[in-house]
Amino acid sequence: AKWLKKEIITTKRVRKDPKEQGAVQKAKAKEEAEKAAAESSQAMKSILSVENLTPSILQKKVKELAASRGRKGTDSRQVLRQLEALAKLSFGFGPRVEVPILMNVITAQFDLQRTMDDYMAIKTWKASANYLNRITGFLTDDGYKLGQATVEESDMLLVNGIGKKK
């Protein structure tokens, strides 16, 4: 029969040393950490140009990222990195812009856990606590109040047709 092997080839299995495997795993983890750090620095550069940055552009980008969260095919860690980069960019615009972005960052950090039984990494937990402390600092120290963004009355009058010019 043509399909029958006529020569038997034997190979000897080589056992890997557990110390070498540990070193390889550490090297892989170090590579991934460096890659993540490079991506986070690139995320800040590639998201928006700092020169033309306005609060409305920041808010639009945050809404776009928040809409992509949870969709199939989106990397939740990448979305979190981008939101954190936007949060760093929003520090100069005051609490009106910064607080909603920080709240989105916190919810994205909680989205990293797939099930209720998973626990949050200590580093992520401390970052969430720092963001919450920053938000509460705005509320307690600076005297800001949280509320929904409202349209001014003069804008409402123009929309309803009351303030039209003849």
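The values are calculated or read from the model by the stated rules, or taken from the named source; none is laboratory data. Since the model is a prediction, treat every value here as computed from it, not as a measurement. Virtual Cβ from ideal backbone geometry, glycine too; neighbours counted across all protein chains shown. Note: accessible area is taken over every heavy atom of the protein model, side chains too, but ligands, DNA and RNA are not part of it. Shrake-Rupley method; radii C 1.70, N 1.55, O 1.52, S 1.80 Å.
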Within segment 42-67, how many residues turn out to be open to solvent by 70 Å² or more (accessible area, probe 1.4 Å), at pLDDT below 85 and closer than 14 Å to VAL79 by Cα? 2
Failed item in (1) at pLDDT 85 or above; (2) acidic (Asp, Glu); (3) surrounded by 13 or more Cβ atoms within 10 Å (Cβ to Cβ), with GLU39 passing the rest: (1)
Take the residues in segment 68-111 that are among the hydroxyl-bearing types (Ser, Thr, Tyr) and open to solvent by 40 Å² or more (accessible area, probe 1.4 Å), then tell me which one is farthest from LEU139 (Cα to Cα). THR74
For residues in segment 114-166 being polar (S, T, N, Q) and at pLDDT below 85, which is nearest to the chain's Cα centre (by Cα)? THR115
Suppose the filter is surrounded by fewer than 14 Cβ atoms within 10 Å (Cβ to Cβ) and charged (D, E, K, R); does ARG114 pass it? yes
Looking only at residues in segment 68-115 that are in a helix (DSSP H, G or I) and of a type in the set (D, E, K, R), which one is farthest from VAL50 (Cα to Cα)? ASP111
